[in-house]
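The values are calculated or read from the model by the stated rules, or taken from the named source; none is laboratory data. Model, not experiment: these values are computed from the prediction. When we count neighbours, we look across all protein chains shown, and the Cβ atoms used for this are built from the backbone with ideal geometry, even at glycine. The protein model used for the area step is the full one, side chains on, heavy atoms only, and it has no ligands, DNA or RNA in it. Shrake-Rupley method; radii C 1.70, N 1.55, O 1.52, S 1.80 Å.
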Amino acid sequence: MPETPEARPARPTRSDYVAWRTATTRWSDDDVYGHLNNARYFDLVDTAVNAHLAEATGVDIRGLDAIGVVAEVSCRYFAEMGYPADVEMGLVVDRLGSSSVVYRVGLFQGAGGPDQPANAEGRFVHVYVTNGAGSRSVTPVPDVIRVAVTPLVRG
């Protein structure tokens, strides 16, 4: 059954996010149509999550006993973005489970207040697995990660 407009989540605004960082766009980020290439949106979403984790934990997250692997990533596009304007990335956690974290990352260009609508929003799911040689099995979110993302939980 097709999704009805009423069933779609509302376009998020700046007030929906907790933590912020800024990324600089580059000439090469734009595609042949003159707007930000869709692959760059996914780079920004990934960077927002992992840079936050690295900074908030103060450790090399790649060296933990358990690492977050991407189990799901998606993006909803609302308005074009492109070079040369910076992109502000808002981060929030929708769900902190026993072995996974569900993030939303709002992407914004241009100055705006708390009601400014997002240009795009990414959904990013980390599932934690054992880090090391051999089979990677699902494992609990490490305590250092849990402490870093708990302040981002909204809902």
Qualifying residue in the stretch 78-97 (condition: in contact with a Pro (Cβ under 8 Å, 6 or more places away or on another chain), hydrophobic (A, V, I, L, M, F, W, C), surrounded by fewer than 20 Cβ atoms within 10 Å (Cβ to Cβ) and in contact (Cβ under 8 Å) with a residue 60 or more places away in the chain): yes
Flag for Thr22 being modelled with pLDDT of 95 or more, open to solvent by 70 Å² or more (accessible area, probe 1.4 Å) and polar (S, T, N, Q): yes
Residues located in the stretch 77-118, provided they are part of a strand (DSSP E or B) and either of a type in the set (Ser, Thr, Tyr) or over 12 Å from the mean Cα position of the chain (by Cα) (or both): Tyr77, Val87, Arg95, Leu96, Ser100, Tyr103, Phe108, Pro117
Residue check for Tyr17: among the hydroxyl-bearing types (Ser, Thr, Tyr) and more than 27 Å from Ala148 (Cβ to Cβ): no
Options Asp31, Asp16: the member that is free of Cβ contacts under 8 Å to residues at least 24 places away in the same chain and open to solvent by less than 80 Å² (accessible area, probe 1.4 Å): Asp31
Flag for Ala120 being farther than 20 Å from Val59 by Cβ and in contact with a helix residue (DSSP H, G or I) (Cβ under 7 Å, 6 or more places away or on another chain): yes
Output for the stretch 119-139, where each listed residue is assigned to a loop (DSSP other than H, G, I, E, B) and either basic (Lys, Arg) or open to solvent by 20 Å² or more (accessible area, probe 1.4 Å) (or both): Asn131, Gly132, Ala133, Gly134, Ser135, Arg136, Ser137, Thr139
Residue in the stretch 140-151 that is modelled with pLDDT of 95 or more, assigned to a strand (DSSP E or B) and open to solvent by less than 30 Å² (accessible area, probe 1.4 Å) present: no
Residue in the stretch 56-69 that is open to solvent by less than 70 Å² (accessible area, probe 1.4 Å) and under 10 Å from the mean Cα position of the chain (by Cα) present: no
Conditions (1) touching a residue at least 60 places away in the same chain (Cβ under 8 Å); (2) loosely packed, with under 14 Cβ neighbours inside 10 Å; number of the one not met by Ala111: (1)
